[in-house]
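Comments concern the structure below.
The values are calculated or read from the model by the stated rules, or taken from the named source; none is laboratory data. All figures in this text were calculated on a predicted structure; none of them were measured in a lab. With ideal geometry, Cβ positions are generated from the backbone for all residues, glycine too; neighbour counts draw on all protein chains shown.
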Amino acid sequence: MSTTVTEVTSELSTLRLRGETAPAPESIPVKVEEEYRYAHLLPYFSDTKYPPLEPYEHVDPGFRALKLENQRAFLDGASSVTEITPNLGTEVRGVSLAALDANGRDQLALEVARRGLVVFRDQQDFIDSGPEFYLGWGRHFGRLHVHPTSGHPKGYPEFHLVYRDAKSTFNFEVDESITSTIWHSDVSYELQPPSLTTFFLLSSPESGGDTLFTSQVSALKKLSPTFVAFLKTLKAVHSGVEQADFSRAGRRGGIVRRDPVENIHPVVRRHPVTGEEALYVNKQFTRRIVGLKREESDTILRFLYDHIDKSADNQARVKWAPNTVVLWDNRITAHSATVDFKERDARRHGARITPQGERPVPALEGLDLSP
């Protein structure tokens, strides 16, 4: 059995037991026994402070792929290309992500935009290429996001890590909930939330810990045209305050490196490359609809969250296997981990490469996104 990660420090452990706030030390390293193969990618919680993110011009690489005669040439050598569901997700075998050239990466971005989710098996070369390779990979698709509260490999704040074992967790988890399912679009509170996202597990339970995905394009299409027309006129506040407060309370490593922000996004957004329209709200970060009274906003958001939760015909489930790399378009999908392995002596350790995209484009042309 693989070794397990110990508690961060005895002091932090004691504080957690007492329910007190963790101190802000210079750094909070995660201790680990040396034989763990991916010890260099374990969560590290530097207290380095970062300034607010500045806007930048994002050009989606999928636009370049649209100009190619064969927009799916990177799949020509695949041994299998299988739809996971009709509306969301494709599984690919026989293609090495690590070997893709610039054209292949552009085509990949377009394919993920069209399918929402693409799962690549047998990608040990990619996973073992290391952080410097991950930097180059991610930057092809956009400016890399530095998460304000999560752990990252030491020296590489551009990579977001998820981590749980039998003794500790460094994830955003709501213990008092009856379910671990929290549908969300990553850091949607940013002015320019992520676009194409790459994620892989370095260690996973023998069973459990699957990731659920849902198509926000399909979710929108299920609604009546009259209601969709109304939703297009709406904009909502997305907030990172609760996530920051969670860390400030001493959980998830107890670090907040950048002050939390709130931004206003359209309730229905348009994909810049495909033109598809997608619902853009999520229970984790969306707080209220601008211009509506509280009861009106709450009623609409509860309805939309319930729709997202229950629409299994819009969803796909990724069962992890060693050397799997998953890519999704964060603009048109939502996802959730499933923490169904908590009672087992198992480790789930993953890394996310998160390029930022454009500021969400409203499906309703001319929608004013000011407060």
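Here is a yes/no grid of residues against (1) modelled with pLDDT of 95 or more; (2) within 12 Å of the chain's Cα centre (by Cα); (3) among the aliphatic types (A, V, I, L, M):
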| residue | (1), (2), (3) |
| --- | --- |
| A316 | yes, no, yes |
| H335 | yes, yes, no |
| K342 | no, no, no |
| A346 | no, no, yes |
| G350 | yes, yes, no |
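Exactly one condition in (1) over 18 Å from S215 (Cβ atoms); (2) surrounded by 17 or more Cβ atoms within 10 Å (Cβ to Cβ); (3) in contact with a Ser or Thr (Cβ under 6 Å, 6 or more places away or on another chain) is not met by N282; state its number.
Only one criterion in (1) over 18 Å from S215 (Cβ atoms); (2) surrounded by 17 or more Cβ atoms within 10 Å (Cβ to Cβ); (3) in contact with a Ser or Thr (Cβ under 6 Å, 6 or more places away or on another chain) is unmet by N282, namely (1).
Before we move on, is T233 part of a loop (DSSP other than H, G, I, E, B), farther than 20 Å from H160 by Cβ and touching a Lys or Arg at 6+ places or on another chain (Cβ under 8 Å)?
Working: part of a loop (DSSP other than H, G, I, E, B): yes; farther than 20 Å from H160 by Cβ: yes; touching a Lys or Arg at 6+ places or on another chain (Cβ under 8 Å): no.
No.
Determine if region 77-93 includes at least one residue that is touching a residue at least 12 places away in the same chain (Cβ under 8 Å), closer than 25 Å to P272 by Cα, surrounded by 17 or more Cβ atoms within 10 Å (Cβ to Cβ) and among the hydroxyl-bearing types (S, T, Y).
yes
For the subset of region 116-169 comprising residues that are at pLDDT 95 or above and of a type in the set (K, R), which member is surrounded by the most Cβ atoms within 10 Å (Cβ to Cβ)?
Filtering first and then ranking leaves R143.
Among the listed residues S195, S215, S185, S177, identify the single one that is among the polar types (S, T, N, Q) and in contact with a Lys or Arg (Cβ under 7 Å, 6 or more places away or on another chain).
Step by step, each of S195, S215, S185, S177 is checked, and only S195 is among the polar types (S, T, N, Q) and in contact with a Lys or Arg (Cβ under 7 Å, 6 or more places away or on another chain).
Consider region 254-289. How many of its residues are β-branched (V, I, T) and either farther than 29 Å from T179 by Cα or not in a loop (DSSP other than H, G, I, E, B) (or both)?
Qualifying residue count for the region: 6.
Given the residues T324, T274, which is the only one that is within 20 Å of the chain's Cα centre (by Cα), in contact (Cβ under 8 Å) with a residue 24 or more places away in the chain and surrounded by fewer than 23 Cβ atoms within 10 Å (Cβ to Cβ)?
Answer to the check: T324.
Anything in region 195-215 that is of a type outside the set (V, I, T), under 22 Å from L135 (Cα atoms) and part of a strand (DSSP E or B)? List them, or say none.
Within region 195-215, L196, F199, F200, L201, L202, S203 qualify.
Quick test of your reading of the structure: T198 fulfils all but one of (1) at pLDDT 95 or above; (2) more than 25 Å from H147 (Cβ to Cβ); (3) among the hydroxyl-bearing types (S, T, Y). Name the failing condition by number.
Evaluating T198 over (1) at pLDDT 95 or above; (2) more than 25 Å from H147 (Cβ to Cβ); (3) among the hydroxyl-bearing types (S, T, Y) leaves (2) as the failure.
Taking the residues in region 181-195 that are within 26 Å of D165 (Cβ to Cβ) and aliphatic (A, V, I, L, M) as candidates, determine which candidate is modelled with the lowest pLDDT.
I182
Regarding V241, is this residue at pLDDT 95 or above, among the aliphatic types (A, V, I, L, M) and buried (at least 22 other Cβ atoms within 10 Å of the Cβ)?
no
Is there a residue in region 139-150 that is touching a residue at least 40 places away in the same chain (Cβ under 8 Å) and closer than 20 Å to S204 by Cα?
There is at least one residue in region 139-150 that is touching a residue at least 40 places away in the same chain (Cβ under 8 Å) and closer than 20 Å to S204 by Cα.
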